[in-house]
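Following: one structure in structure tokens, then a few remarks.
All of the numbers you see were taken from the coordinates with simple rules; none came from a lab. All values derive from a computational prediction rather than experimental measurement. Don't worry about glycine lacking a Cβ; one is built from the backbone with ideal geometry, like all the others, and counts go over all protein chains shown.
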Amino acid sequence: MVFDWTEWITSPFVLMAVSVFTGVLLGRIKVGRFSLGISGALFTGLVVGWFIYSKFALPYEGNPDVPGYAAGILSDGVVHIDFFYLFLMLFVAAVGLLASKDLGAVVKKYGVKFIILGFIISFAGAAVTYLMVMASPGQDPFAVSGVYVGALTSSPGLGAAIETVSRYGTEAEAAVGAGYAISYPFGVLVVILAVNFIPLLLGIDMEREKEVFKREMAEARSAAGTREVPEVSFDIAGFFLTIIIGYTIGSIRVPMGPLGFFSLGSTGGVLIGALLLGYMGKLGGIHFRMGSRVLGVIREVSLAFFLSIVGLRYGYRVFDALISGGAYLAFVSLVVGAAAILAGYLVGRHLFGINWVMLSGAICGGMTSTPGLGAAIDAVGSDDPAAGYGAVYPFALLGMVMFSILLHRVPIS
């Protein structure tokens, strides 16, 4: 009998399962009223990803004689990005379908507020990034400005930023990409911590917020004349048709003249598709309005895997940034992310008076942070934040693309 330990320990399936298992156990640990919940998978993934890359890939960087497992990690990452997108789409499809029944009421009650909130959050992040660039004369301005799209976890924003700086050469493009790669995991961390700690730090009574939210939504449903749609426990054809249609929506590129192109990407497309199809209810014999039991399981499992993959793919970069020259970029990403979240909270809570249940999802939508949405759902204890996330997301994404381009077209050095 032959057992290859190295092949086993570097298998993406083993690594994902180990990260999820240990992350769930970590998430069950409570310190007072706080626990990481399902977000624990992100933190254990970071540690496992750092260990695997350091031990099984880093020694072979630049070495022509590379074993197969190391070559795979060096070229594709500890876990291939296709797994990232698979579990991400499963998660947002389940979340969108769960939240879809209240779409009409949410849009009617919060519509304009959410549009403004999306642009406010993305603008605040861009403004603080610009200030950090101007305050960092010794740093690569392209790397620092690339932190913006990483801190707000926006892949479409990264594409727009790289396209815009291409006139400065490949070194500028690479610097923007490096800023994104270093800042992305810290952007994820800051929004997850924010949705968990803001209620504790600011004394928000979650139970009272839930009661107020239920009352507000009941009034909104009545005003919107929400129609009853037959619900099935689960329709596998409807679920995967949702992903197909949503992915197609996300692939559409809308020309924006001098600002290039705008698209929702796979995440935004699947989420918007799920909200619309779930609100519609059914198409012929295919059902989109499904019960929470099966969708809740899909949401929980896919989120755990998605978070673990984020940690596995970025674990080495996080720890390397903390002990090397990337520490400043990590600091910038935390400042940018915190500023955007604070702007969203102040405007949403104190200017618009939005309930925290809905606002927590809206802030995550403004940050285009799917892991943050998962943390918000977990912290609130319901899928209600998803409606706020879905309503704000497209406007925040549009703002992020616009501000990413403008950020690189104003003087930065």
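Order these by the 10 Å Cβ neighbour count, fewest first: W5, W356, W50. Each step should come with its number before you reach the end.
Values: W5 7, W356 27, W50 21.
Placing the least packed residue first, the sequence is W5, W50, W356.
Using amide H atoms built in the peptide plane, which far-off residues or other-chain residues are under 5 Å from G291 H to H?
V232, S233, F234
Let's test the formula: R0 of 25 Å, r as the Cβ-Cβ distance of D205 and M280. What FRET efficiency results, to the nearest 0.05?
Details: r = 36 Å, r/R0 = 1.44.
According to the calculation, E is roughly 0.10.
Kyte-Doolittle cut-off -0.5, length cut-off 20 Å along the helix's own axis using Cα: show which whole DSSP H helices in the chain pass.
Details: long enough: 12-27 (22 Å, 2.10); 40-56 (24 Å, 1.29); 81-99 (27 Å, 2.38); 103-134 (43 Å, 1.64); 170-201 (45 Å, 1.47); 206-224 (26 Å, -1.14); 236-251 (23 Å, 1.81); 265-280 (22 Å, 1.43); 292-323 (44 Å, 1.07); 327-345 (27 Å, 1.99); 385-407 (30 Å, 1.60).
In the chain, the long hydrophobic H runs are 12-27, 40-56, 81-99, 103-134, 170-201, 236-251, 265-280, 292-323, 327-345, 385-407.
Run the numbers for F13 and A71: contour at 0.36 nm per residue of separation, minus the present Cα-Cα distance, in nm. Mind dumping the intermediate values first?
Numbers: separation 58, 0.36 × 58 = 20.88 nm, distance 1.71 nm.
Taking 0.36 nm per residue and subtracting the Cα distance, the gain is 19.2 nm.
Kindly state, to the nearest 0.05, the FRET efficiency for K108 paired with I244, given R0 = 30 Å and r defined as their beta-carbon distance. Let's see the in-between values first.
Working: r = 29 Å, r/R0 = 0.96.
So, using R0 = 30 Å, E works out to roughly 0.55.
What is the range 197-316's relative contact order, in percent, from Cα pairs under 8 angstrom and six or more apart in sequence?
Working: 97 pairs, mean separation 29.4, N = 120.
Dividing the mean separation by the residue count of the range 197-316 yields 25 percent.
Sorting V176, V254, V212 on the 10 Å Cβ count, fewest up front, what's the list? Don't jump to the answer; show the numbers that get you there.
Working: V176 30, V254 9, V212 14.
The most exposed by this proxy come first: V254, V212, V176.
If you stretched the chain out fully between A237 and I29, how much longer would it get, using 0.36 nm times the residue separation minus the C-alpha to C-alpha distance?
Numbers: separation 208, 0.36 × 208 = 74.88 nm, distance 3.78 nm.
Length gained, A237 through I29: 71.1 nm.
Before anything else, pin down the relative contact order of the range 256-413: Cα pairs under 8 Å, at least 6 apart, normalised by residue count, whole percent. Numbers along the way, then the final one.
Numbers: 107 pairs, mean separation 32.4, N = 158.
This gives 20 percent for the range 256-413.
For the range 1-55, which trypsin sites (Lys or Arg not before Pro) pass both filters: DSSP loop (anything but H, G, I, E, B) and at most 12 other C-beta atoms within 10 Å? Before the final figure, lay out the partial values.
Working: sites: R28, K30, R33, K55; in loops: R28, R33.
Sites meeting the loop and neighbour criteria: R28, R33.
When T267, T248, T22, T129 are ordered from fewest to most other Cβ atoms inside 10 Å of their Cβ, what list results? Each step should come with its number before you reach the end.
Values: T267 24, T248 12, T22 18, T129 30.
Exposure proxy ranking, most exposed first: T248, T22, T267, T129.
Between F331 and S54, what is the label-point separation in nm under the 7 Å Cα-to-beta-carbon projection?
2.3 nm
Under 22 Å Cα-Cα from K113, which lysines qualify once same-chain neighbours fewer than 8 residues away are excluded?
K101, K210, K214
For the chain, what does the helix formula give at 222 nm: sum of -39500 (n - 2.57) over DSSP H segments with n ≥ 4, over the residue count, nearest 500 deg cm²/dmol?
Taken over the chain, the calculation gives -24500 deg cm²/dmol.
Note down the relative contact order for the chain as a percent, whole number, built from C-alpha pairs under 8 angstrom at least six residues apart.
Across the chain, relative contact order equals 31 percent.
For K55, which aspartates and glutamates qualify as cross-link partners when the Cα separation must be under 15 Å and same-chain residues fewer than eight apart are set aside?
Output for K55: E7, D320.
How do the peptides 333-339, 298-304, 239-245 rank, highest first, by the average count of neighbouring beta carbon atoms within 10 Å per residue? Could you put the intermediate results ahead of the total?
Numbers: 333-339: 23.9, 298-304: 22.0, 239-245: 18.3.
Highest mean packing first, the order is 333-339, 298-304, 239-245.
Rounded to the nearest 20 debye, what is the charge dipole size of the chain about its Cα centre when +1 sits on each Lys and Arg Cβ and -1 on each Asp and Glu Cβ? Spell out each step's value before the answer.
Working: 24 positive and 25 negative charges, 228 e Å.
Magnitude of the dipole: close to 1100 debye.
Rounded to whole Å, give me the distance from the Cα center of the range 328-384 to that of the range 186-232.
Distance between centres, Cα-based: 12 Å.
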